[in-house]
Amino acid sequence: MSKIEAGRIALSENCFSLIHLLDSVKQMFRLRAESKGLKLIFEIAPNLPDYIKTDEGKLRSCLINLLSNAIKFTNKGHVFLRAKLPKNNQQPTT
């Protein structure tokens, strides 16, 4: 069982700019993707909130791990990240 499933992860929630976080992560991985001949594509839904309240550090770590693995294990083509609200809930969630 993971720490998350066991409820043993402490979140440090704060309000921050989701758009800024996504942009900084994209810039972090752009050159790595390009060096492998990959295109890094981010699609950000227009109704995504500017600010969200969650653990910024954990969200950043999650995105970094996902993109790092995606670039590492993709040999050609593109790596695509889509940020959107779930269809059943058009309100932002944390």
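Computed from the coordinates by the stated procedures, all read-outs in this text should not be read as laboratory data. Just so we're clear, the structure is a prediction, and the values are computed from it rather than from any experiment. Heads up, the Cβs are rebuilt from the backbone with ideal geometry, glycines too, and the neighbour counts pull from every protein chain shown.
Extension gain, Asn69 to Ser35: 0.36 nm times the residue separation minus the Cα-Cα distance gives 10.7 nm. Database remark: amide H of Leu40 closer than 5 angstrom to the amide H of Val79 (H placed geometrically; neighbours at sequence offset of 5 or more, or on other chains; Pro and chain starts carry no H). Assuming charge only on the beta carbon of Lys and Arg (+1) and of Asp and Glu (-1), the dipole of the chain about its Cα centre is about 420 debye to the nearest 20.
Counting Lys +1, Arg +1, Asp -1, Glu -1, what net charge surrounds Ser17 among other residues with beta carbon under 14 Å of its beta carbon?
Summing Lys/Arg as +1 and Asp/Glu as -1 gives 0.
The calculated 222 nm mean residue ellipticity attributable to helices in the chain amounts to -13500 deg cm²/dmol, summing -39500 (n - 2.57) over DSSP H runs of n ≥ 4 and dividing by all residues. Cβ crowding within 10 Å ranks Leu48, Leu31, Leu63 as Leu31, Leu48, Leu63, fewest other Cβ atoms first.
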